[in-house]
Amino acid sequence: MDFPVTFQIFGKTILAHPVFETLGIFIGMRFYFYLKRKSKEKLSFNTSAAVLIGATAGALIGSKLIGNLENPYVFFNDFNFKRFWTNNTIVGGLAFGLIGVELAKKIVGHKESTGDLIVYPLILAMIIGRIGCFLTGIHEETYGLPTDSIFGMYLGDEYLRHPVALYEIAFLLLLWIVLKTIENKKRHSSGFIFQLFMLSYFSFRFLLDFIKPKIDIIGNLGTIQLVCISVIIYYFFKLRKTKFVTSL
């Protein structure tokens, strides 16, 4: 396979990453609305609208802010709006989307968790997006460090590299199976599946970024890893308060 994989759209050459990212968002949203129609838990229009606006605004701001802060020296010393708009990361989107939803829920006075329904559409969208990351090779900063392991692949230069996008796809597929198994037991309170998803994914990303190119901010930790630590701590204490249903 030759990297990067590109598509001809309206006479322009487009990398695979934005194509699959857009496709992932579209399919993920359609899957979410399908699950929402089947769900027995119905939210009021005001609550649904507030959650959607909060999640969208938070994810948009966070994905681009954290994406640009991966290299803060370039961000602060040579700011470029086009570069700011095109740089993004799912870690920032998830973290700030969470903040946006929590703020929106406080505004409308909704106290119950609203996250479980979005988990599987999120995983699906992320898997599709990571296919695009893999097909783009080294032409966007979503590749791994050089490696001598059996997993190494040529992604567009002379080095065998960790195919981190494939690692993430495998992890997300396994996480889907594990979460679905836990969900089917129906022994947890509302919101537990989303909390477990966030804790699991951010823990995985914290470890994965050690084999990805990054700018060290504190010690040998990059910006994304620092965000991951914050979210991990938040959900560690949140999960400790989770109530489980006991059955005989």
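For Glu70, the solvent-accessible surface computed with a 1.4 Å probe is close to 60 Å², ligands and nucleic acids excluded. Overall, the accessible surface of region 130-248 at a probe of 1.4 angstrom is composed of carbon and sulfur to the extent of 66 percent. With just the Cα atoms defining each centre, how far is region 11-34 from region 59-106? Give it in Å. The two parts, judged by their Cα centres, are 19 Å apart.
Over region 19-126, Cα pairs under 8 Å with separation of 6+ residues give a relative contact order of 44 percent. Inter-label distance, Leu103 to Glu141: 2.5 nm, where each label sits 7 Å from its Cα along the C-beta direction.
Which pairs break 30 Å Cα to Cα here: Lys36/Lys214; Lys38/Lys238; Lys36/Lys105; Lys36/Lys111?
Working: Lys36/Lys214 38 Å; Lys38/Lys238 28 Å; Lys36/Lys105 18 Å; Lys36/Lys111 19 Å.
The pairs that break the limit, which is 30 Å between Cα atoms, are Lys36/Lys214.
In order along region 29-35, phi translates into HN-Hα couplings of 5, 4, 5, 4, 5, 5, 5 Hz, rounded to whole numbers, per the Karplus curve 6.51 cos²θ - 1.76 cosθ + 1.60 with θ = phi - 60° and x for Gly and Pro. In sequence order, region 222-230 has phi-based couplings of x, 4, 4, 5, 5, 5, 4, 4, 4 Hz under the Karplus curve 6.51 cos²θ - 1.76 cosθ + 1.60, θ = phi - 60°, and Gly or Pro positions carry x.
Placing a pseudo-label 7 Å from each Cα along the Cα-to-Cβ vector at Glu158 and Phe237 gives an inter-label distance of 5.1 nm. Using a probe radius of 1.4 angstrom, the carbon and sulfur fraction of the accessible surface of region 1-91 is 66%. Given the alternatives (i) 18.7; (ii) 19.4; (iii) 20.6, Kirkwood radius over Cα pairs in Å as computed for this entry is given by (ii). Close amide H contacts of His188 (hydrogens built in the peptide plane, cut-off under 5 Å, sequence separation of 5 or more or a different chain): Val245.
Pull out the extension gain between Phe151 and Ile218, defined as 0.36 nm times the separation in residues minus the alpha carbon to alpha carbon distance; nm, one decimal. If you can, show how the numbers build up before the last one.
Values: separation 67, 0.36 × 67 = 24.12 nm, distance 2.91 nm.
Full extension from Phe151 to Ile218 adds 21.2 nm.
Computed from the C-beta positions of Ala170 and Tyr73 and an R0 of 41 Å, the FRET efficiency is 0.80 to the nearest 0.05. Taking each DSSP H run with n ≥ 4 as -39500 (n - 2.57) and averaging over every residue of the chain yields -21000 deg cm²/dmol at 222 nm. Computed over protein heavy atoms with a 1.4 Å probe, the accessible surface of the chain works out to 59 Å² per residue.
The values are calculated or read from the model by the stated rules, or taken from the named source; none is laboratory data. Predicted model only: the values in this text are computed from it and were never measured. With ideal geometry, Cβ positions are generated from the backbone for all residues, glycine too; neighbour counts draw on all protein chains shown. What goes into the accessible areas is simple: the full protein's heavy atoms, side chains included, and nothing from ligands, DNA or RNA. Shrake-Rupley method; radii C 1.70, N 1.55, O 1.52, S 1.80 Å.
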